[in-house]
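Following: one structure in structure tokens, then a few remarks.
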Amino acid sequence: MAKASKLTSMLHTSCVFKEAFSAIFGNERSIPASNATRWNSVLKQIQGVITLDHQKLSDICKETGKSLYMSYNVQPATASQCKSVR
């Protein structure tokens with residue numbers, strides 16, 4: 001959850017990261033930010049990260065100089081956990 005939060009923060013605060021993200025995933029894609037008053041905002045944030053290609057996210061982080069390591073072997077377990085919450 002911490003990585004999803006950091007990724008969302010970078011996306012919404014860094015113009016350089018946002019431009020690189022938009023170039024790869026398109027202007028219509030984003031990751032919703034979570035808030036303290038709605039528990040499902042965290043779920044939507046995690047689902048938003050899961051739907052993205054983690055290799056491309058790692059490449060964007062390297063290109064923009066952001067230090068965020070995306071583990072590829074975690075993605076399937078996290079996806080199944082989010083599906084079971086529904």
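The values are calculated or read from the model by the stated rules, or taken from the named source; none is laboratory data. No experiment lies behind these values; they were computed from the predicted model shown. Virtual Cβ from ideal backbone geometry, glycine too; neighbours counted across all protein chains shown.
Is it the case that the stretch 54-64 has a residue that's touching a Lys or Arg at 6+ places or on another chain (Cβ under 9 Å) and modelled with pLDDT of 85 or more?
Yes.
Any idea how many residues of the stretch 31-53 are under 12 Å from K3 (Cα atoms) and not β-branched (V, I, T)?
Count: 1.
Could you check the stretch 12-28 and list, in sequence order, the residues that are without any contact (Cβ under 8 Å) to a residue 24 or more places away in the chain, in a helix (DSSP H, G or I) and over 15 Å from D53 (Cα atoms)?
Matches in the stretch 12-28: H12, T13, C15, K18, E19.
Identify the residue in the stretch 23-46 that is at pLDDT 85 or above and among the β-branched types (V, I, T) and, among all such residues, is surrounded by the most Cβ atoms within 10 Å (Cβ to Cβ).
I31
What pairs can you find where one residue is in the stretch 34-62 and within 20 Å of F21 (Cβ to Cβ), the other is charged (D, E, K, R) and at pLDDT 85 or above, and their Cβ atoms are less than 8 Å apart, with a gap of 6+ or different chains?
S34/K44; L52/R29
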